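Peer 1: Let me begin by handing over the structure; questions about it come next.
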Amino acid sequence: MTTHEKLIALLDEHGARYRLLEHEATGKCEAVAALRGTEVGQGAKALVCHVKGNGIKQHVLAVLPADRQADLSKVAAAVGGRRASLASPAEVDALTGCVFGAIPPFSFHEDLRLVIDPLLFERYDEIAFNAGLLERSVVLNIHDYQRLHNGNVMKIIL
């Protein structure tokens, strides 16, 4: 199953309230928000990070509002590490099955730990994100995301 298929199956299986949108493929947060008809801050940006230090070697899927920047030191601290860096394209593909920019805010890989910034839950009733493909997005009810995400909620933005 592709990441897109896993995502849609998860949402359907749990009765999540969402809309699936097809649009032009773009990797820019502002451009895709305009295509979706959403605010940039509703976007759930998902970054694959490699965390090291303190005996930790962990990949993390850091999820935050698309109008904010991740603080990599906070991402590292969220899992007990000392430093974090963005994963390579090969690592992103191996852990998510997606290209950069198409990663949904869910982890379907046992070696990819999910950490979500709480601001994502505070401003909007829905979040929007690419659905494993650059040309497909999901607009998801925030309460359904809170119920389904299975990650840790910690402050990871600047």
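The values are calculated or read from the model by the stated rules, or taken from the named source; none is laboratory data. Bear in mind that the values here come from a model prediction, so they are computed numbers and not experimental data. Using ideal geometry, Cβ is built from the backbone for each residue, glycine included, and neighbour counts are taken over all protein chains shown. Just the protein is used for accessible areas: all its heavy atoms, side chains included, with ligands, DNA and RNA removed. Shrake-Rupley method; radii C 1.70, N 1.55, O 1.52, S 1.80 Å.
Peer 1: May I ask you to list the GluC sites (Glu not before Pro) in the stretch 99-158 that are in a DSSP loop and have at most 15 other Cβ atoms within 10 Å of their Cβ?
Peer 2: Numbers: sites: E110, E122, E126, E135; in loops: E110, E122, E135.
Those satisfying the criteria are E110, E122, E135.
Peer 1: Pull out the extension gain between D125 and H14, defined as 0.36 nm times the separation in residues minus the alpha carbon to alpha carbon distance; nm, one decimal. Intermediate results must be reported in sequence, preceding the final value.
Peer 2: Details: separation 111, 0.36 × 111 = 39.96 nm, distance 1.81 nm.
Length gained between D125 and H14: 38.1 nm.
Peer 1: Can you pull the semi-axes for the stretch 92-142, root of five times each eigenvalue of the Cα gyration tensor, sorted largest first, whole Å? All intermediate terms of the calculation are to be shown ahead of the outcome.
Peer 2: Working: eigenvalues 82, 44, 11 Å².
Over the Cα atoms of the stretch 92-142, the ellipsoid semi-axes are 20, 15, 7 Å.
Peer 1: Mind checking the per residue accessible area of the chain for me, 1.4 Å probe, whole number of Å²? Please report the intermediate quantities before stating the final value.
Peer 2: On the way: 7660 Å² over 158 residues.
Counting only protein heavy atoms, the per-residue value for the chain is 48 Å².
Peer 1: Report the Rg/Rh value for the stretch 22-87, based on alpha-carbon coordinates and the Kirkwood definition of Rh. Can you show the working numbers first?
Peer 2: Values: Rg = 14.3 Å, Rh = 12.9 Å.
Dividing the radius of gyration by the Kirkwood radius yields 1.11.
Peer 1: Another one. Rounded to the nearest percent, how much of the accessible area of the stretch 58-137 (1.4 Å probe, protein heavy atoms only) is carbon and sulfur? Can you show the working numbers first?
Peer 2: Working: 1690 of 3440 Å².
Looking at the stretch 58-137 in its full context, I get 49 percent from C and S.
Peer 1: Something else now. Which Rg and Dmax, in Å, describe the Cα atoms of the chain?
Peer 2: 14.5, 44
Peer 1: Mark the label point 7 Å from the Cα of E135 along Cα→Cβ and return the residues of the stretch 13-28 whose backbone N is within less than 13 Å of it.
Peer 2: In the stretch 13-28, the label zone of E135 (backbone N under 13 Å from the point 7 Å along Cα→Cβ) covers 22-26.
Peer 1: Right, something else. So what is the orientation-averaged projected area of the stretch 1-50, using the convex hull of its C-alpha atoms, in nm²? Walk me through the intermediate numbers first.
Peer 2: Working: hull surface 19.5 nm².
Averaged projected hull area, Cα only: 4.9 nm².
Peer 1: Ignoring trypsin sites (Lys or Arg not before Pro) that are buried or in helix or strand per DSSP, and keeping those with at most 15 other beta carbon atoms within 10 Å, what is the longest stretch of the chain between them?
Peer 2: Numbers: sites that count: R17, K28, R82, R123, K155.
That gives 29-81 as the longest site-free run.
Peer 1: Sticking with this structure for a sec: Of all DSSP beta bridges in the chain, what percent run antiparallel (nearest 5)? Numbers along the way, then the final one.
Peer 2: Numbers: 26 of 34 bridges.
Here the antiparallel bridges make up roughly 75 percent for the chain.
Peer 1: Just to confirm the filter: which GluC sites (Glu not before Pro) across the stretch 1-93 are DSSP coil and have at most 12 other Cβ within 10 angstrom of their Cβ?
Peer 2: On the way: sites: E5, E13, E22, E24, E30, E39, E91; in loops: E24, E39.
Within the stretch 1-93, the qualifying GluC sites (Glu not before Pro) (loop, at most 12 other Cβ atoms within 10 Å) are E24.
Peer 1: How far apart, in nm, are the 7 Å Cα→Cβ label points at V99 and T2?
Peer 2: Between V99 and T2, the label points sit 1.2 nm apart.
Peer 1: Something else about it: Averaging sequence separations of C-alpha pairs under 8 Å and six or more residues apart, then dividing by the length of the chain, give the relative contact order as a whole percent. Show your work: numbers first, answer last.
Peer 2: Numbers: 336 pairs, mean separation 47.1, N = 158.
That works out to 30 percent.
Peer 1: How far, in degrees from 0 to 90, does helix 3-13 lean away from the longest principal axis of the Cα atoms of the chain, to the nearest 10?
Peer 2: The two axes meet at around 70 degrees.
Peer 1: What do the square roots of 5 times the Cα gyration tensor eigenvalues come to for the stretch 36-127, in whole Å, largest first, as semi-axes of the equivalent ellipsoid? Spell out each step's value before the answer.
Peer 2: On the way: eigenvalues 101, 48, 20 Å².
Equivalent-ellipsoid dimensions as semi-axes: 22, 16, 10 Å.
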